[in-house]
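**Q** This is the structure I want to talk about, given as structure tokens.
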Amino acid sequence: MIDVIYIMWLRQIKRYWRSKSRIIGSIGQPLLFLVALGFGLGPMFEKAGGGNYINFLTPGVISQAILFMAVFSGIELIWDRQFGFLKATLVAPVSRLEIVLGRVIGGATIAAFQGLIVLFLTLLVGFRPQNLTAFPLAVWLMFLIALLYSALGTAIASLMKDFHGFQLIMNFLVAPTFFLSGAIFPLNNAPRLIQTISYINPLTYGVDGLRQVLAGITYFGLTIDILVLSIVGTVLLIIGSYLFSKIEA
């Protein structure tokens with residue numbers, strides 16, 4: 001079982017490193033948000049008593065990089081289906097559970113690494129972590145976020161036949177997930193409706209956890225954040241595994 005998971009994981013990693021434009025593109029958007037919003041809205045945020053907006057925003061843009069990369073890594077399943085690789089994989093005498101675990105863990109590893117790249121680049125913009133000793137915990141939180149959304153991407157891709165619904169996912173799932181996660185604004189002053197939506201958004205807890213570890217700011221508390229990410233990630237992994245087991249190449 002471990003051999004199959006490792007092979008699928010390694011394939012995801014190799015595919016990532018071959019796509020230089022994808023790496024640059026997925027880094028550029030979070031940094032654009034950080035620079036444009038951080039320096040554009042920073043003075044107003046500080047005048048309102050919110051403190052350093054760069055420090056507040058950075059965990060959000062790190063989560064954005066992880067979210068996009070993790071979901072799209074899962075959706076690569078559609079690409080494999082269209083070009084025949086999936087059929088060759090499914091006819092192999094191995095468990096589909098092993099295949100999906102390798103894919104999900106591989107996608108999560110890539111997305112977490114992408115988050116690390118963005119974290120290091122934010123240091124050039126002016127972000128200063130509150131506690132460097134908490135860095136391993138920040139990496140673990142990044143991986144939990146990545147695992148959750150890689151499993152979600154796999155579940156979605158298992159239901160899709162082609163890329164026609166790709167833009168729909170982008171517009172109605174990925175973008176709202178980011179903007180309604182508290183990544184760019186404090187939840188404690190948000191309208192009640194926005195708060196309610198944010199409470200059922202798993203990314204909210206990932207952003208909050210990273211924000212506490214890196215910037216010392218929290219809304220829910222680290223224990224709640226890790227608990228929600230772990231439970232939702234496990235549920236989505238089970239759902240993704242089930243849907244993948246029913247897939248037909």
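**Q** Any residue in region 94-103 that is assigned to a helix (DSSP H, G or I), hydrophobic (A, V, I, L, M, F, W, C), exposed (fewer than 15 other Cβ atoms within 10 Å of the Cβ) and at pLDDT 80 or above?
**A** no
**Q** Can you say whether Ile66 is modelled with pLDDT of 85 or more, more than 21 Å from Ile184 (Cα to Cα) and part of a helix (DSSP H, G or I), as far as the supplied structure shows? Spell out how you get there, then give the answer.
**A** On the way: modelled with pLDDT of 85 or more: yes; more than 21 Å from Ile184 (Cα to Cα): no; part of a helix (DSSP H, G or I): yes.
Answer is no for this residue.
**Q** Please pick out the residue among Ser241, Ser245 that is under 29 Å from Arg103 (Cβ atoms) and touching a Lys or Arg at 6+ places or on another chain (Cβ under 6 Å).
**A** Of Ser241, Ser245, the one residue that is under 29 Å from Arg103 (Cβ atoms) and touching a Lys or Arg at 6+ places or on another chain (Cβ under 6 Å) is Ser245.
**Q** Still on this structure, I have one more. Restricting to region 203-233, and then to whatever is within 19 Å of Arg128 (Cβ to Cβ) and of a type in the set (S, T, N, Q), can you tell me which residue is modelled with the highest pLDDT?
**A** Gln212
**Q** Follow-up. Condition check: at pLDDT 90 or above, closer than 30 Å to Arg96 by Cα and surrounded by fewer than 24 Cβ atoms within 10 Å (Cβ to Cβ). Does Thr177 satisfy that?
**A** Criteria met by Thr177.
The values are calculated or read from the model by the stated rules, or taken from the named source; none is laboratory data. Just so we're clear, the structure is a prediction, and the values are computed from it rather than from any experiment. Reconstructed Cβ throughout: ideal geometry from the backbone, glycine too, with neighbour counts over all protein chains shown.
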